[in-house]
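Shown next, in structure tokens, is the structure this report addresses.
Bear in mind that the values in this text are calculations on the coordinates, not laboratory data. All of these numbers come straight from a predicted model, not from anything done at the bench. Methodologically, a virtual Cβ is constructed for each residue, glycine included, from the backbone with ideal geometry; neighbour enumeration extends over all protein chains shown.
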């Protein structure tokens, strides 16, 4: 790749790329030496930097490696079919609003953020469309009673996981089985799309060392209260639903309220404050764990 004079400040060092993806720097250097991947953006003076596309590609290679695929095959598959906004809630949010700041949260913290949004949705939203991605069906079963309650006042509730098959329920959330190669199998998602209140949180699971406790699994997480960005995430869910039940997906799409206008300054400030509260809370919990 051609050298460029000076690196923009929004690019990542190899250490930052390692932190974002969970892949050790030594492994990244080994992949580059042996396979030419990831190919950095080079600058005069020997500086090497990486962008958001590198983050997505490296994370996907790590995911494929976890399934037993060789490094060479994982790199080939990832570069031939990168994670696109059309099939990933997380990617859709990042694509809809590139200003969103991501936070690496453990499962406990992410669960707290999700529960807060669920409670606010129950209190504020009028007949919302709710979507949740749980990775594995056993995780959904642990929360099924809560989601049945959420479904009681929702216009429609749809959940995604590695279910054995899809099921359309009238009085309970509809279950959509994800294919084995779906990026959403690495995601933890809540979408609340309703007139007057929209919210979405999406976490992309980072690789964890063997033996990591379930509660300590880490997710790169983004969230938003912007109706336009939330609708982008809803569209991903509709596309996944369409594969198993086109009629239900088309009917749900037709029932969605119209999204208009850009997010207000007040909404942007509220989102920023929420992010700061979550960050401080996670830091406090981490310090408490280390002290115990």
Between residue 243 and residue 97, what is the label-point separation in nm under the 7 Å Cα-to-beta-carbon projection?
2.7 nm
Label-to-label distance, nm, for residues given as residue 148 and residue 123 (7 Å Cα→Cβ offset)
2.5 nm
Rg/Rh ratio calculated on Cα atoms of region 14-80 (Kirkwood radius)
0.95
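On a full-extension model of 0.36 nm per residue, what is the gain between residue 215 and residue 141, subtracting their alpha-carbon distance, rounded to one decimal in nm?
25.0 nm
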Sequence ranges 32-38, 67-73, ranked by mean other-Cβ count within 10 angstrom, highest first:
32-38, 67-73
Give the order of 117, 75 when sorted by the count of other beta carbons within 10 angstrom, beginning with the fewest.
117, 75
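Among 225, 241, rank each residue by its count of other Cβ atoms within 10 Å, from fewest to most, as a rough exposure measure.
Fewest-to-most ranking of 225, 241: 225, 241.
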Nearest 0.05, what FRET efficiency do residue 116 and residue 34 give at R0 = 51 Å with Cβ-Cβ as r?
0.70
Separation of region 90-124 and region 198-240 by C-alpha centroid, Å?
6 Å
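Arranged from highest to lowest average of other beta-carbon atoms within 10 Å per residue, in what order do the peptides 215-222, 226-233, 168-175 appear? Mind dumping the intermediate values first?
Details: 215-222: 18.8, 226-233: 23.5, 168-175: 14.8.
Answer by packing, highest mean first, reads 226-233, 215-222, 168-175.
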Could you check the simple spin-label distance between residue 167 and residue 51, using points 7 Å along Cα→Cβ, in nm with one decimal?
4.5 nm
